[in-house]
1. Would you confirm whether any residue within segment 6-14 is of a type in the set (Val, Ile, Thr), assigned to a strand (DSSP E or B) and either closer than 15 Å to LYS93 by Cα or modelled with pLDDT of 90 or more (or both)?
2. Could you grab me the full set of residues in segment 61-75 that are open to solvent by less than 70 Å² (accessible area, probe 1.4 Å) and either in a strand (DSSP E or B) or farther than 16 Å from GLU47 by Cα (or both)?
3. Consider only pairs whose beta carbons are under 6 Å apart and that are at least six residues apart or on different chains; among these, list those whose first residue lies in segment 69-95 and is under 11 Å from LEU34 (Cβ atoms) and whose second residue is among the basic types (Lys, Arg) and open to solvent by less than 70 Å² (accessible area, probe 1.4 Å).
4. Please indicate, with yes or no, whether at least one residue in segment 28-45 is exposed (fewer than 10 other Cβ atoms within 10 Å of the Cβ), among the hydrophobic types (A, V, I, L, M, F, W, C) and at pLDDT below 90.
Amino acid sequence: IFIFLTAVLVFFTRPFAVKYLKIGDESRRNINSLDGQTVLCIKKISEFDSGEVKTKNGVVWTAKLEEGQNEISENETCIVSRVEGNTLVVKIKGV
């Protein structure tokens, strides 16, 4: 009886747990969720110098420019292209 009840409960509760508890969806909740996010530049970023950006949740990150970009001045919005280690690679919004 125990084995039967265990099998039935696992069979019927697993889809509920996966759907509502978001099991197995770790990658989008972590650092990869920053890709494509709009951020605010709080320290000027140039081709040869890193700067800083602030995300929507208020976290300040070190940032560098995407290849082919000139510079991003303070208080300008930009978009995160990708994450390299603990540095965000950003580009000017609309480019």
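1. We begin by selecting, within segment 6-14, every residue of a type in the set (Val, Ile, Thr); these are 6, 8, 10, 13.
Cutting the leftovers down to assigned to a strand (DSSP E or B) gives us none.
Scanning segment 6-14, I find no residue that is of a type in the set (Val, Ile, Thr), assigned to a strand (DSSP E or B) and either closer than 15 Å to LYS93 by Cα or modelled with pLDDT of 90 or more (or both), so the answer is no.
2. Within segment 61-75, the first condition is being open to solvent by less than 70 Å² (accessible area, probe 1.4 Å), and the residues that meet it are 61-63, 65-66, 69, 72-73.
Within segment 61-75, TRP61, THR62, ALA63, LEU65, ILE72 meet the criteria.
3. Short answer, once both residue conditions are applied: ILE79/LYS91; SER81/LYS91.
4. No: segment 28-45 contains no residue that is exposed (fewer than 10 other Cβ atoms within 10 Å of the Cβ), among the hydrophobic types (A, V, I, L, M, F, W, C) and at pLDDT below 90.
The values are calculated or read from the model by the stated rules, or taken from the named source; none is laboratory data. Predicted model only: the values in this text are computed from it and were never measured. Positions of Cβ are backbone-derived with ideal geometry, glycine not excepted, and every protein chain shown enters the neighbour counts. The accessibility values were calculated without ligands, DNA or RNA, using every heavy atom of the protein model including side chains. Shrake-Rupley method; radii C 1.70, N 1.55, O 1.52, S 1.80 Å.
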